[in-house]
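Everything below concerns the one structure shown next.
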Ligand SMILES: NC(=O)c1ccc[n+]([C@@H]2O[C@H](COP(=O)([O-])OP(=O)(O)OC[C@H]3O[C@@H](n4cnc5c(N)ncnc54)[C@H](OP(=O)(O)O)[C@@H]3O)[C@@H](O)[C@H]2O)c1
């Protein structure tokens, strides 16, 4: 077991205002409790003393070197202060954003392919249907959740008058980026963000595009502007920068499998494709736990994949050889997008860090979807 803390576990003290400080204090307490639990696991696995482990954790988290007695007094003082503030002013007054049973989660675009997977994932993780506000242009397709107790509502970014009622009562929101908008996509996203903030939504997670800081793709421009709008909105935000869906490789797998051939371009960029399912799990994890406010995650698969790897994986699964032929520049690519470039050549540990399980490999994905690409 690796005792090194992941980036999502790092504690960064802030001093901008008392609300932020108190919120971070709350996280610090939570982290200390979490690390005590990790320490016990570490002791069991490595016969190391708990104190040794706590020392390592403190070093990595830059915690003051307090002995156990003073740590206890500090924690006690902080929790008493938080309790005092929440009693006087309510939880909102201290800016704390833990998810509670009372908090309602909005899924914008709940009937889409990603949206419906997120809804299933939230329910599978034990979120009560009554906590869900499912917003869609086609609410009639979500009847099964209404029957279970979810609030199913109509909402369309191109009809801004529909949005206040759609978002009323929600605290957190997953804003699934739209796939249309006639050049107005960022502005339509902004309408949704403004309506959500006006309705009292305090935290918005947005499905963006991978490696946005170094991403020259035309597809990234809309997401960049949408991210800027969200950051300026006043709500806490989380950028879920999804890599290209692994699902788009199924068409290529079907073609290769049927023809027994794969054209490979020398200049092809191997990419960190991620399954839609993993994107949904990561989004659900961000929606149901605190600690993801104002953070950016590159959501990728666990490995870089090119058409050569795709052909080899098909052969490994079916036992049938796929012969490789060389193709002209730019052949293959990624589904209909034909994107390439080193900015796509990235993987991250975000899916595992957020969900607690490894991201899906190409082989696992192809095996789970044999019916979609294997000749019958
Ligand atoms: N990473 C990738 O490889 C990749 C590939 C394609 C797209 N994307 C992006 O990821 C998003 C989700 O992917 P997906 O596979 O779930 O796509 P999808 O099945 O086509 O879903 C489109 C989503 O956009 C919502 N939407 C469309 N127009 C809207 C409007 N006017 N107002 C409100 N919501 C609207 C839909 O919600 P309702 O239908 O429920 O109203 C739905 O959730 C896409 O929209 C696109 O921005 C990423």
Given the criterion under 18 Å from the mean Cα position of the chain (by Cα), more than 13 Å from the ligand (Cβ to nearest atom) and at negative phi, identify the matching residue among 236, 262.
236
Quick check: anything in the range 155-167 surrounded by 21 or more Cβ atoms within 10 Å (Cβ to Cβ), more than 11 Å from the ligand (Cβ to nearest atom) and either within 22 Å of residue 275 (Cβ to Cβ) or in the same structural domain as residue 219 (by TED's automatic domain parsing) (or both)?
yes
Check 171, 136, 116 and return the single one that is at negative phi and touching a helix residue (DSSP H, G or I) at 6+ places or on another chain (Cβ under 8 Å).
136
Among (1) within 14 Å of the ligand (Cβ to nearest atom); (2) within 18 Å of residue 175 (Cβ to Cβ); (3) assigned to a helix (DSSP H, G or I) - the single one residue 241 does not satisfy:
(3)
Of all the residues that make up the range 129-154, how many are surrounded by 13 or more Cβ atoms within 10 Å (Cβ to Cβ) and assigned to a loop (DSSP other than H, G, I, E, B)?
2
Please count how many residues of the range 203-230 are touching a strand residue (DSSP E or B) at 6+ places or on another chain (Cβ under 7 Å) and either assigned by TED's automatic domain parsing to the domain that holds residue 342 or within 18 Å of residue 108 (Cβ to Cβ) (or both).
11
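This table checks each residue for (1) in contact with a strand residue (DSSP E or B) (Cβ under 8 Å, 6 or more places away or on another chain); (2) at positive phi; (3) in the same structural domain as residue 375 (by TED's automatic domain parsing).
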| position | (1), (2), (3) |
| --- | --- |
| 250 | no, no, yes |
| 253 | no, no, yes |
| 258 | no, no, yes |
| 282 | yes, no, no |
| 286 | yes, no, no |
| 306 | yes, no, yes |
| 317 | no, no, yes |
| 326 | yes, no, yes |
| 342 | no, no, yes |
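Results for (1) at pLDDT below 60; (2) assigned by TED's automatic domain parsing to the domain that holds residue 166, shown as yes or no for each residue.
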| position | (1), (2) |
| --- | --- |
| 78 | no, no |
| 84 | yes, no |
| 90 | yes, no |
| 115 | no, yes |
| 129 | no, yes |
| 135 | no, yes |
Conditions (1) at pLDDT 95 or above; (2) touching a helix residue (DSSP H, G or I) at 6+ places or on another chain (Cβ under 8 Å); (3) away from the ligand (no atom under 11 Å from the Cβ); number of the one not met by residue 293
(2)
Flagged in the range 125-139 as within 28 Å of residue 184 (Cβ to Cβ) and away from the ligand (no atom under 11 Å from the Cβ), in numbering order, are 133
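The values are calculated or read from the model by the stated rules, or taken from the named source; none is laboratory data. From a predicted model like this one, the values you see are computed outputs, not experimental measurements. Cβ coordinates were reconstructed from backbone atoms using ideal geometry, including for glycine residues, and neighbour counts include every protein chain displayed.
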